[in-house]
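The values are calculated or read from the model by the stated rules, or taken from the named source; none is laboratory data. Being a predicted model, the structure only gives us computed values, none of them experimental. Here the Cβ positions follow ideal geometry from the backbone for every residue, glycine too, while neighbour counts run over all protein chains shown. For the accessible areas, the whole protein counts, side chains as well, though only heavy atoms, and no ligand, DNA or RNA atoms are used. Shrake-Rupley method; radii C 1.70, N 1.55, O 1.52, S 1.80 Å.
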Amino acid sequence: MSMNASLNSWVEEVARLTRPDSIHWCTGSDVENSRLIEAMVASGDLIKLNPQTHPNCYLHRSNPSDVARVEHLTYVCTRSREDAGPNNNWMDPAEAHRKIDSLFEGAMRGRTMYVVPYCMGPIDSPYSRCGVEITDSPYVVVNMRIMTRMGEQALKRIEREGRFVKGLHSVGDLDPERRFIMHFPEELTIKSVGSGYGGNALLGKKCHALRIASWQARDEGWLAEHMLIMGMQSPEGRTHYVAAAFPSACGKTNLAMLVPPESMPGWKIWTVGDDICWMQVDSEGQLRAINPEAGYFGVVPGTNRKTNKNAYDMIQRDTIFTNVALTADNQPWWEGLEGGTPVTDWQGKPYSGKGAAAHPNSRFTVSAKQNPIYSSLAEAPEGVPISAILFGGRRREVAPLVYEARSWAHGVLVGAGMASETTAAAVGQMGVVRRDSMAMKPFCGYNFGDYWDHWLAFESKAKKLPRVFHVNWFRQDKNGKFMWPGFGENLRVLQWIANRCDGKADAIESPIGYLPKPEDLDVSGIDLDKDTLHTLLSVDLPAWRQEMDAINKYLDEFQGRVPQKLREEQRSVAAKLG
């Protein structure tokens, strides 16, 4: 029981609805965690991996129908449909409660109901927010212990503040026809049933930290964003912190844990966060950021010593893998791993050698503190000052390697109009180009028109606004080959961005913004000819006229909610393109 009467009342109400055999209030202790893991190994929910090569590592296999976020079954339930906006699936709150509560009725019979208090962000930060997830999944509990500050300290803060986000989850019967993820932002409530997959079941992550938090942030005057946070320190000792918004599976983790190339000695990178960023304006008008998460729930295929050494090193111990393959000696295996041979695929079937052995959206869950370049400032209550904001996605063409917005308002347009090819992180067709404003299309808890207006308002709230840039590591030539080497070499682009923030680099003005002068982008030591560099830094005017026309039509979807200032910025860029 808690000292918070409303929390106790809610727990009792949920127990009456779901009928669990027992109720367990989670403390987050090592003993509790060990007991949960031992029970899941005994039941087969977890498989213990090779203790010599991967100490304290486990594999979880989800139901084959439950392997990714389900955007078509995810709803934002506001009193007014217009408040949710066309960027969200909407359902009337009363109807949504009735529909999902009927699925929760008796759903926890024969199971333990876990009450999981958690804090998103450093436990003593004024920028952090708390929640409680009620779940019948021990897999969710052990993952939430990694991903959040979970347990007694979080409960104490909830009891002090009296306010928390309510999250109710049950795996149900895992029937895709009886699966919903419902958000009630006006009630600070989440209900999710029928899925055990991370993004649908770890309610502190996308559900709370983005969909509900974005609504909270609008009401309270801050920003909850789908962004990595990284620090980059130059050889001269100057450090800049950057927040970057990319859609899922577009390289956020790789960039956040970038390893500087040998040809750029003296540079250091620090990871504050790899997925979610909460930003507030401090008393001096500086935009500061915290990472509300305490761990990483990362896409594992493609991770190896070359692509992301820091991520690879940190998942060799104390890690939960989901939907990877296994070798004969019980080591985890995934596509892109150097060495090893899979004998069992992600579904537990003998691997024939055909198709993917690990699921394309297979994951690792690991504590952020295992990252070799984890920033100590990730625990700082005051957060870190943000010098630059980056937007980007997967674009085979059109978008240059990097360009800078002319102003904050232009930067909001750049973010609002960003597009990317879809990936395996969500159910649906892959490789389709879609607009994904600020990488928040699946995660913004209210109307995008109001969301853009909230972004524009920071021009009057903050004295020290970050510069805004757009990057594209994924440009391809006519043969489908990537033109930019990516990974650690992306530091060359970050160096130009840092120099722009310090006023040390010039730029070429173009209709879409400021582009680097070729001589200001350090490409020494990489195999990149002048023609390729020219293409990467050029603006295809006919293609960009089509792009701005497409952005204009996209804005039309939000009708009267689109801020006039954003319309003016779009018309301004279109006019410059001729």
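Among the residues of region 491-547, what is the count of those that are part of a loop (DSSP other than H, G, I, E, B), closer than 18 Å to ARG475 by Cβ and of a type outside the set (Asp, Glu)?
Total meeting the criteria: 9.
For residues that are in contact with an Asp or Glu (Cβ under 8 Å, 6 or more places away or on another chain) and small (Gly, Ala, Ser), scanning just region 152-188, find the one that is surrounded by the fewest Cβ atoms within 10 Å (Cβ to Cβ).
This residue is GLY167.
For region 382-389, check the following and say yes or no: at least one residue is in a loop (DSSP other than H, G, I, E, B), more than 28 Å from CYS501 (Cα to Cα) and of a type in the set (Val, Ile, Thr).
No; the residues of region 382-389 include none that is in a loop (DSSP other than H, G, I, E, B), more than 28 Å from CYS501 (Cα to Cα) and of a type in the set (Val, Ile, Thr).
If you scan region 548-566, which residues turn out to be in contact with a helix residue (DSSP H, G or I) (Cβ under 8 Å, 6 or more places away or on another chain) and either surrounded by fewer than 14 Cβ atoms within 10 Å (Cβ to Cβ) or not in a helix (DSSP H, G or I) (or both)?
ASP549, PHE558, GLN559, GLY560, VAL562, PRO563
Just the residues that are crowded, with 18+ Cβ neighbours inside 10 Å, part of a loop (DSSP other than H, G, I, E, B) and among the hydroxyl-bearing types (Ser, Thr, Tyr), please, taken from region 310-348.
Within region 310-348, just THR319 meets the criteria.
Check VAL539, VAL523 and return the single one that is over 16 Å from GLY415 (Cβ atoms) and crowded, with 19+ Cβ neighbours inside 10 Å.
VAL523
Hand me the list of strands (runs of 3 or more DSSP E) wholly inside region 89-205 holding 3 or more residues that are touching a residue at least 12 places away in the same chain (Cβ under 8 Å) and of a type in the set (A, V, I, L, M, F, W, C).
112-120, 129-135, 180-184
Can you tell me which residues in region 258-278 are closer than 26 Å to SER128 by Cα and either of a type in the set (A, V, I, L, M) or open to solvent by 40 Å² or more (accessible area, probe 1.4 Å) (or both)?
Those that are closer than 26 Å to SER128 by Cα and either of a type in the set (A, V, I, L, M) or open to solvent by 40 Å² or more (accessible area, probe 1.4 Å) (or both): ILE269, TRP270, VAL272, ILE276.
Show the residue pairs meeting these rules: Cβ distance below 7 Å; 6+ apart or different chains; first residue within region 470-486 and touching a residue at least 60 places away in the same chain (Cβ under 8 Å) and surrounded by fewer than 15 Cβ atoms within 10 Å (Cβ to Cβ); second residue aromatic (Phe, Trp, Tyr) and not in a loop (DSSP other than H, G, I, E, B).
GLN476/PHE482
Of a type in the set (A, V, I, L, M, F, W, C) and more than 30 Å from ASP556 (Cβ to Cβ), is that true of VAL132?
Answer is yes for this residue.
If you scan region 40-51, which residues turn out to be farther than 12 Å from ASP318 by Cα, out of contact with any strand residue (DSSP E or B) (no Cβ under 9 Å at 6 or more places or on another chain) and open to solvent by 60 Å² or more (accessible area, probe 1.4 Å)?
ALA42, SER43
Is it true that some residue in region 489-498 is open to solvent by 20 Å² or more (accessible area, probe 1.4 Å) and under 18 Å from PHE246 (Cβ atoms)?
So far as region 489-498 goes, yes, one or more of its residues are open to solvent by 20 Å² or more (accessible area, probe 1.4 Å) and under 18 Å from PHE246 (Cβ atoms).
Taking PRO64 as the residue in question, decide whether it is part of a loop (DSSP other than H, G, I, E, B) and in contact with a Lys or Arg (Cβ under 6 Å, 6 or more places away or on another chain).
No.
Restricted to region 79-129, and to residues that are of a type in the set (Phe, Trp, Tyr) and within 30 Å of SER367 (Cβ to Cβ), which residue is least open to solvent (accessible area, probe 1.4 Å)?
Applying the filter and picking the extreme gives TYR118.
Considering only region 75-87, I want to know if a residue exists there that is in a strand (DSSP E or B), under 19 Å from GLY194 (Cα atoms) and out of contact with any Ser or Thr (no Cβ under 8 Å at 6 or more places or on another chain). Before the answer, list the steps.
Residues of region 75-87 that are in a strand (DSSP E or B), as a first pass: 75-76.
Then drop every residue that is not under 19 Å from GLY194 (Cα atoms), which leaves 75-76.
When the remaining residues are screened for being out of contact with any Ser or Thr (no Cβ under 8 Å at 6 or more places or on another chain), the result is 75-76.
Yes, there is a match, as at least one residue in region 75-87 is in a strand (DSSP E or B), under 19 Å from GLY194 (Cα atoms) and out of contact with any Ser or Thr (no Cβ under 8 Å at 6 or more places or on another chain).
For region 237-257, give me each residue that is assigned to a loop (DSSP other than H, G, I, E, B) and either buried (at least 23 other Cβ atoms within 10 Å of the Cβ) or at pLDDT below 95 (or both).
Of everything in region 237-257, those that are assigned to a loop (DSSP other than H, G, I, E, B) and either buried (at least 23 other Cβ atoms within 10 Å of the Cβ) or at pLDDT below 95 (or both) turn out to be PHE246, PRO247, SER248, ALA249, CYS250, GLY251, MET257.
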